[in-house]
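The structure appears right after this line, and notes come after that.
Every read-out reported here was derived from the displayed coordinates using simple, explicitly stated rules and does not represent laboratory data. Only a predicted model underlies this, so the values are computations on that prediction, with no experimental measurement involved. Cβ placement follows ideal geometry from the backbone for every residue including glycine, while neighbour counts extend to all protein chains displayed.
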Amino acid sequence: MDDVPAELSDFLTSRRARITPEMAGLPAFGRNRRVKGLRREEVALLAGISVEYFTRLERGKVGSASDDVLDAVARALQLDTAERAHLFDLARQINTTRTPRRPAKQERVRPTVQQIIHGLVDHPAYVRNARLDVLATNPLGAALYAPLFDSASRPVNIARFVFLDPHAAEFFTDWDTIANDSVAILRAEAGRDPYDRRLSDLVGELSTRSDDFRVRWAAHNVQLSCATVKHLHHPLVGDLTLTYEALHLPNDAGQRILVYAAEPASRTAEALGLLASWAAQPREAATEPSDTHPG
């Protein structure tokens, strides 16, 4: 992630490859196109800039590219909100004097934030950072995500669990969606802060140990948040369908609170009630919440 111009080049190339002339409202000029997606000259035409200028951009040579130029390229490539932000992040990093790698430091969750999540007694809640480290949970959140905390790796990290723990595919019944979301969030964060040592170490570890991660990372997809519905198979209470909201903490860079909710009177709501009762028991005396799953 240190080579930001190469990251920008790969990102723009990947976005250009996915847009067909038909999608851009351009004639295809026959069936024997050797280029997957749009040609550089087609993107330049759509963006209203010269081919030479776009070629320099796609090679990571941003120079003094203005916001208007980047906006025009974003429109030509049909970038969504997260992709546009990623383009601007990468361009900004290239035009900023590189700072030395910062020493890794342990993040803290403020006492006020801790009080907020612990006050949500009927809702699983946790705090994560932009690297997908779980920094704090309330009791129900810890019970819901118990399989993550069973791992010996610390800090507890959602992406590490998804790609390296054999139980992840059973716990996340929509594993492909969770896997894609996790990588896309990490990729977006790498654009915002390519010199984050902990993020670089995490990406390096996952790339080395997981083919699934490595393939997804190479796709250069970015995302600001995950899908708002989670389908889980909890080892104690069975299948759960939960919605959630992510609450950004503007005073704590990258941190956000995630709060889960179940449809009232649903099987998931009943299961969460059982899970809450189990979570409230002293750990040395705790047993499974029920021998029979609800419903």
Seminar exercise, completed: Among 140, 5, 273, the residue whose Cα sits farthest towards the positive end of the charge dipole of the chain, when +1 is placed on the Cβ of each Lys and Arg and -1 on the Cβ of each Asp and Glu, is 5
Exercise. Going by how many other beta carbons lie within 10 Å of each one, how would you line up 195, 126, fewest first?
Worked result: 195, 126
Exercise. About its Cα centre, what dipole magnitude does segment 111-280 give when the only charges are +1 on Lys and Arg Cβ and -1 on Asp and Glu Cβ, stated in debye to the nearest 20?
Worked result: 420
Problem set entry | FRET efficiency estimate (nearest 0.05) - Cβ-Cβ, residue 225 to residue 20, R0 41 angstrom | 0.90
Exercise. With axes computed from alpha carbons, what is the tilt in degrees of helix 197-209 against the longest principal axis of the chain, rounded to the nearest 10 within 0 to 90?
Worked result: 90
Problem set entry | Extreme residue, positive dipole direction of segment 111-280, given options 172, 200, 153 (C-beta unit charges) | 200
Exercise. Mind checking the angle between helix 4-18 and the chain's longest principal axis? C-alpha axes, 0 to 90 degrees, to the nearest 10.
Worked result: 90
For this session: May I ask for the angle, rounded to the nearest 10°, between helix 67-76 and the longest principal axis of the chain, with both axes built from Cα atoms and the value confined to 0 to 90°?
Result: 80
Exercise. With the contact rule set at Cα under 8 Å and sequence spacing of 6 or more, what percent relative contact order holds for segment 4-94?
Worked result: 39
Exercise. On full extension of the chain, what length is gained from residue 150 through residue 110, given 0.36 nm per residue of separation minus the C-alpha to C-alpha distance?
Worked result: 11.9 nm
Exercise. Rg(Cα) of segment 4-94 divided by 2.2 N^0.38 Å?
Worked result: 1.02
Exercise. Which part of segment 161-186 falls in the paramagnetic zone of residue 239, meaning amide N under 12 Å from the point 7 Å along Cα-to-beta-carbon?
Worked result: 173-174
Exercise. Listing 230, 61, 36 from the residue with the fewest other Cβ atoms within 10 Å to the one with the most, what is the order?
Worked result: 36, 61, 230
